[in-house]
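The values are calculated or read from the model by the stated rules, or taken from the named source; none is laboratory data. Remember, predicted model here, so these are calculated numbers, not experimental data. Here the Cβ positions follow ideal geometry from the backbone for every residue, glycine too, while neighbour counts run over all protein chains shown.
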Ligand SMILES: [Zn+2]
């Protein structure tokens, strides 16, 4: 048995890590890479960007935990709501060690469910990009100790809408400072508390990836690589501070579960595309009061809408998010429901017997609407280039997934063309007409970067060979691997494999 120290660099892009390690910008990560094994982390489920952290902390495949977005569709209430236990089986593995088992300290794992008492310390939402529940700690008094020792939580809400280069500098500065503070807190906890398992996630790479991604071809902005590099360098410094004096019986795992690239998402206009497809020949629309909702939405720019929302408590923020996106929908005229999503588009058929206000019969009618929606989406092209905007529309059978929670997932997942989304002015279909792009030349939400499915893992310890690149592993393999290193039996319902057992070395550096 040895101790395990896991450092997550949330949504850090492996190609940037590799490039910047070889350019000498990330010396501490490079040192670890030379001391250990490097694994690409691949997800079979590229299309559901909220999967990685729930898959990591449950050690279950997505079909058996059902989480893919922080706000998911509740077919009984006919609305989207924040996921948590017991709605979904989101059980972080460290909360189930008994008092004779390993003691865990957990700092800022994204998208964890409501805190519970357990054998260790867990702090949530202190410097995190994505949370399910408001900031907290277990035991509760830990937050007072942190406030006295380190200071107030440095985490901050994402600003939406397009902003200028001065704003980007401010974001860079705040992310660098947030990383320094999180590193100080982690160091303090490591020194003052006993632990067998230490998990810490730095989120600046995630927020920075979305907002400081390099300039897009269409945008007249200077290259932003240097700002993002500063964020990655701050993380490298934290990695150095936290790993430099680690005892030899500690296995160090460093990595990201998914990556980042140019933003391809057209999800902002998906509801308008669906509205065109489902509007029947008599002109009956799914939105009961289209005028009122559109008027409010068009009258208040996205940046201001998000600014108002940012100042509200979490439950009101969720209500407003759902209202802007789904408000005023008449379910009796909505055969297809456009769900909330950040990257790929998520759709659900309004199915009788499953949705409480369902109108589509299972069987032939369901299949017809699936096909009509797929064909309809493929008919939209960019008005200027004539290029299709949809690359593929996937159904459950295309997802390589199964399990008890498949019903929580969308029926259709819209994969966008792998081209920058901001190039559009208008999307047109010869059948359904035109949908305007809300911010020509820019991404409506201000996110220049969005997710890629591949992450990476650097593993240093007695179980791993030195200075080698090994075949890819899955996110689901990480929890059983950590549990094995800690010398604990793998829980019966945990899936995945232990990554250092029976794997041949593929190539040497
Ligand atoms: Zn993200």
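Quick notes on this one:
- Residue within the stretch 398-418 that is within 16 Å of the ligand (Cβ to nearest atom) and either on the phi > 0 side of the Ramachandran plot or under 21 Å from the mean Cα position of the chain (by Cα) (or both) present: yes
- The listed residues are 26, 16, 9, and the only one of them that is surrounded by fewer than 24 Cβ atoms within 10 Å (Cβ to Cβ) and in the same structural domain as residue 103 (by TED's automatic domain parsing) turns out to be 16.
- Considering the stretch 421-430, and only residues there that are part of a loop (DSSP other than H, G, I, E, B) and at pLDDT below 95, the residue that is surrounded by the fewest Cβ atoms within 10 Å (Cβ to Cβ) turns out to be 425.
- Checked against the criterion of being closer than 26 Å to residue 98 by Cβ and within 16 Å of the ligand (Cβ to nearest atom), the candidates 111, 143 yield just one match: 111.
- Put simply, of 21, 29, 78 the only residue that is in contact with a helix residue (DSSP H, G or I) (Cβ under 8 Å, 6 or more places away or on another chain) and at positive phi is 78.
- Within the stretch 431-470, strands (runs of 3 or more DSSP E) holding 3 or more residues that are under 26 Å from residue 239 (Cα atoms) and within 27 Å of the chain's Cα centre (by Cα): 449-452, 455-460
- Of all the residues in the stretch 440-456, those that are more than 13 Å from the ligand (Cβ to nearest atom) and modelled with pLDDT of 90 or more number 2.
- For the stretch 348-396, filtering for residues that are part of a helix (DSSP H, G or I) and at pLDDT 95 or above leaves 15.
- Yes/no for residue 47 being surrounded by 21 or more Cβ atoms within 10 Å (Cβ to Cβ) and in contact with a strand residue (DSSP E or B) (Cβ under 7 Å, 6 or more places away or on another chain): yes
- Here residue 83 meets the list (1) within 24 Å of the chain's Cα centre (by Cα); (2) at pLDDT below 95 almost entirely, failing just condition (2).
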